[in-house]
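Asks: First the structure, then my questions, so here it is.
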Amino acid sequence: MQDSTNPLVNTQVAFQDACRALGLPDAVYQILKEPRRVLEAHLLVRRDDGTTATFPAWRSHHNNARGPYKGGIRFHPGVDQNEVKALSMWMTLKCAVIGIPMGGAKAGVMVDPSSLSPRELEALSREFIREFASFIGVDRDVPAPDVNTNSQVMAWMMDEYGRMNDDADIFGIFTGKPIPLGGSAERTEATGEGVAVVTRRAMDRVGLAPAGARVAVQGYGNVGAQTARFLAARGVRVAAVSDVGGGLWQPEGLDLDALDDWVARHGTVGGFPGGTAMTNRELLTADVDVLVPAALENQITRDIAGEVRARLVVEAANGPSTPEAQEILFARGVQTVPDIVANPGGVYVSYLEWVQNRGGAYWSRSEISARLEQAMTAAFDQVWALGAEQAVDLRRAAYRLAVQRVAEAMHLRGWY
Ligand code: GLU
């Protein structure tokens, strides 16, 4: 039997389950099961060799009942329209769970950014904004970084938008910007920092003491690396990490400073001398207490779920487990903190960036961290309490909490 790996269909099933459990009229599911609109474009880039390349791109507006559409822009060769739609739905849910007045959106460009020169990457980023400018706006739709995009990409996009619009409202339209361009303290760290806050909270709930506990982190991009760093600072041993270039195992805990130096020089964790090599499957089924998938979708499948040895899985990535794997983990008593509860730290600090841009006053790192910790803890505790009260797993509880909040806003607007 194959796993269900279409993230759009999987999310529709989860929405339907939540709507039924909440006793909501069918109209709510009908509104939520597809985005409000999706814009497709083919981005045109002149290559350095003078030839022209085109790249398919989508921006999905899922729901804005609670506030402006919000969500990142992903550059990845595997992106397709279904994935972008699902990712925009998860943004709606995340914003509702973490309690910010924003809705759900996402963009994806089907491109392998490692095949582009820096000039071509800039050209692609600017072309994206030329195509999608009419879709975005400070009270309409606020983009941010996602997989393979970063603050530099946001800077180019903001600049391009400014050139097209007499620099009107440009600072609050993008979040995840560089600090000198209106970015927020702690935004780069925020997703991983929030994952670490929730992981520690969940460890307490399942009775795992941090001292001596071991974590494996799949994916060592921004989110994975920051999660590892914040967990290590909280006393957890980071025993395994991996990225596309390989995996590493060091049961006593990896030396993260040395590892980060290695990654800065080699572009991958693979080959780092401070650990032994391990495969992706070995990492996912390693002898650890906590497993943090921080890469892409559908990594924990049914055949892996049966072998996961961790007591706790914390989904730093969006959609890292299939529904079949989720049921197996649940049946085996492995507690899973779902993506929409584990990783909204990024969008939460994006919201704080947007607030700071609109108010023109900026907060310190420690102020942002304190707000982030408070928001993540409150959201986790609410979901945990709801799960206990309704005797369901944390994913079902989180979907119910989020759908209830979105449905209430839609009702107040008169959508049903
Ligand atoms: N791309 C991030 C996410 O998936 C952040 C989105 C944002 O800050 O708008 O949550």
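The values are calculated or read from the model by the stated rules, or taken from the named source; none is laboratory data. Quantities reported herein were computed from a predicted structural model and do not represent experimental measurements. Every residue, glycine as well, gets a Cβ built from its backbone with ideal geometry; the counts of neighbours run over all protein chains shown. What goes into the accessible areas is simple: the full protein's heavy atoms, side chains included, and nothing from ligands, DNA or RNA. Shrake-Rupley method; radii C 1.70, N 1.55, O 1.52, S 1.80 Å.
Asks: Write down the Kirkwood hydrodynamic radius of the chain, to one decimal in angstroms, obtained as one divided by the mean of 1/r over all alpha carbon pairs. Mind dumping the intermediate values first?
Replies: Numbers: mean 1/r = 0.0466 Å⁻¹.
When all Cα pairs of the chain are included, the Kirkwood radius is 21.5 Å.
Asks: Taking all pairs of different Cα atoms in the stretch 208-309, averaging 1/r and flipping that mean, what Kirkwood radius in angstroms comes out? Intermediate results must be reported in sequence, preceding the final value.
Replies: Values: mean 1/r = 0.0752 Å⁻¹.
Mean inverse Cα-Cα distance, inverted, gives 13.3 Å.
Asks: In what order, largest first, do ASP166, ASP289 sit by accessible area if the probe radius is 1.4 Å?
Replies: ASP166, ASP289
Asks: Right, here's the next one. Under 18 Å from the Cα of LYS85, which aspartates and glutamates turn up, not counting those fewer than eight places away in the same chain?
Replies: Straight-distance partners of LYS85: GLU34, GLU40, ASP141, ASP146, GLU297, ASP339.
Asks: Report D for the stretch 249-359 in µm² per second (integer): Stokes-Einstein, Kirkwood Rh on Cα pairs, 25 °C, 0.890 mPa s.
Replies: This corresponds to a translational diffusion coefficient of 155 µm²/s.
Asks: Among the lysines, which fall within straight-line cross-link reach of LYS177, defined as a Cα-Cα distance under 18 Å, with same-chain neighbours fewer than 8 residues apart omitted?
Replies: LYS70, LYS106
Asks: Pop out the carbon and sulfur fraction of the accessible area of the chain as a percent, whole number, probe 1.4 Å. Provide the component values of the computation, followed by the final result.
Replies: Working: 7930 of 16140 Å².
Summing carbon and sulfur atoms, their accessible area is 49 percent of the total for the chain.
Asks: DSSP beta bridges in the chain, what fraction antiparallel, as a percent rounded to 5?
Replies: On the way: 24 of 47 bridges.
About 50 percent, rounded to the nearest 5.
Asks: Further question: Take every Cα pair under 8 Å in the chain that's 6+ residues apart, average their separations, divide by the length, and report that relative contact order as a whole percent. Walk me through the numbers before you get to the answer.
Replies: Values: 873 pairs, mean separation 67.9, N = 416.
Relative contact order comes out at 16 percent.
Asks: Another question about this same structure. Accessible area per residue for the stretch 77-206 in Å², computed with a 1.4 Å probe and the full protein assembly in place, what is it? Could the numbers behind the result be given before it?
Replies: Numbers: 4260 Å² over 130 residues.
For the stretch 77-206, the per-residue accessible area is 33 Å².
Asks: Next up: Please give the FRET efficiency for GLN390 paired with THR51, using the beta carbon to beta carbon distance and R0 = 45 Å, rounded to the nearest 0.05.
Replies: Numbers: r = 57 Å, r/R0 = 1.27.
It comes out at approximately 0.20.
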